[in-house]
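Asks: Dropping the structure in here first, questions after.
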Amino acid sequence: MNIPCATLQLNYTPDKCEICQKTGHGHHFGLETCRACAAFFRRTVVLNRKYKCAQKSGKCDVGAEKATCKFCRYKKCIDLGMTTDNVRAEDITEQEPASSHLPEAQILYTISSKSRGSSLLVDVNAVLRKSKAIMEDNHNFYVAPDLNPLQMMVESLHKIRSKQSGSPEFFTTIKFGRKFQWWAEQLEDTATWLMNCREFRGLPIHEKLAIFKIVWAVWRRFERYTMSAEVFGQKCYDEKILLHSHKFAARFGSYCVDYSHVWSQGPHTFENVFGGKMIRYFDIIVKPYLELNLSETEVTYILCQIVWNYGFRPLSGLKTDFSEYSQYGCQNFGNFV
């Protein structure tokens, strides 16, 4: 893999929605999508909607047509990697109109509006306030005049990872509230790390928040999977072990999350979305990490690329020169040059 040392160009060109191929609106739930597909995915998850394939094959073409099969549309969302990491019930203000163009028999189940009030009850406002407070404090960053910008980001990541236990406790059952607390801690870690980037630190708070909301889930995922590989080595890949926090880990397929106090339909409703698809990141992230034996500097540079390409790029008009980071990366990354 070659990483050029030239200035990174951040001129914004709208991408296509990966689901329907219309003009994309931004990064939603892990993919570049249009507003309509993002809203469709959110409604399906929060309202616990289930569909039957219009052709009874599960292989309908999903495109820009209005009468796209909802079963195959949602299946494509899941297959391409859309996740429920930041789906919120309060985002649903109005139930989707009835699908009158589809025969009634094709819809397996649709949650009624009467039961919506007891669906997903998670308050993320307090968590976002803490992260916002971190990003509003322009003095909350690592200071080392003798380090170049990339080294500053490496030191920041190292400081965050110093909290990681080398012998984490394994769990087999966990309440969603505890898992949500771990996410909250990782949100704060992400905000703290971002504030060590001088380009990010110099932005107004509304632009910081816009970038943060786009990148935190991807940043968290990459950091946790690589940290898991660092702690457990080949065992991480072979046994599918993931660090869920600095102190707790679990093996995929050997634990369950209890959503009973936030989701009235029971824990089974999220199994396919939260668990089954996330296991593929062991091949996408952990396996290459182990094969390349990436250093912490290389991991940091990849995290920087995630932020710049997923966060800065979608913001039209935001132009920032990150050539220094690329130059330092080319000088130091033996695996990439």
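Just so you know, all these numbers are worked out from the coordinates, no wet-lab data involved. Since the model is a prediction, treat every value here as computed from it, not as a measurement. Glycine gets a Cβ as well: all are built from the backbone with ideal geometry, and neighbour counts include every protein chain shown.
Asks: For region 287-297, take each phi angle, set θ = phi - 60°, evaluate the Karplus expression 6.51 cos²θ - 1.76 cosθ + 1.60, and give the result in whole Hz per residue in order, putting x for glycine and proline.
Replies: Per residue, the Karplus-derived 3J(HN,Hα) values read 4, x, 4, 5, 5, 8, 6, 4, 7, 5, 5 Hz.
Asks: So if R0 is 41 Å, what FRET efficiency would H158 and H206 give, r being the distance between their Cβ atoms, rounded to the nearest 0.05?
Replies: Using R0 = 41 Å, I get an efficiency of 0.85.
Asks: Non-local amide H neighbours of E32 (under 5 Å, H modeled in plane, Pro and chain starts lacking H): which ones?
Replies: Close amide H contacts, sequence-distant or interchain: E18.
Asks: So how much slack lies between T172 and E296, counting 0.36 nm per residue of separation and subtracting their Cα-Cα distance, in nm?
Replies: 41.7 nm is the gain from fully extending T172 to E296.
Asks: Based only on other Cβ atoms within 10 Å, what is the fewest-to-most ordering of F40, F180, F248?
Replies: Ranked by crowding around the Cβ, least crowded first: F180, F248, F40.
Asks: Please list the non-local residues whose amide H lies under 5 Å from the amide H of D258, H modeled 1.01 Å from N, same-chain partners needing a gap of 5 or more.
Replies: I174, K175, F176
Asks: Let me ask something else. Could you tally the net charge around M195, taking each other residue with its Cβ under 15 Å from the Cβ of M195, Lys/Arg +1 and Asp/Glu -1?
Replies: -1
Asks: Now for a separate question. Which residues among region 171-196 fall inside the zone where the amide N is under 19 Å from a point 7 Å beyond the Cα of K247, along Cα→Cβ?
Replies: Within reach of a label on K247, which here means backbone N under 19 Å from a point 7 Å along Cα→Cβ, region 171-196 contributes 171-190.
Asks: Cα-Cα over 28 Å: which of K16/K213; K175/K240; K56/K179; K132/K175; K70/K277?
Replies: From K16/K213; K175/K240; K56/K179; K132/K175; K70/K277, over 28 Å: K56/K179.
Asks: Distance in nm between label sites at C256 and K277, each 7 Å beyond Cα in the beta-carbon direction?
Replies: A separation of 2.2 nm, rounded to one decimal place.
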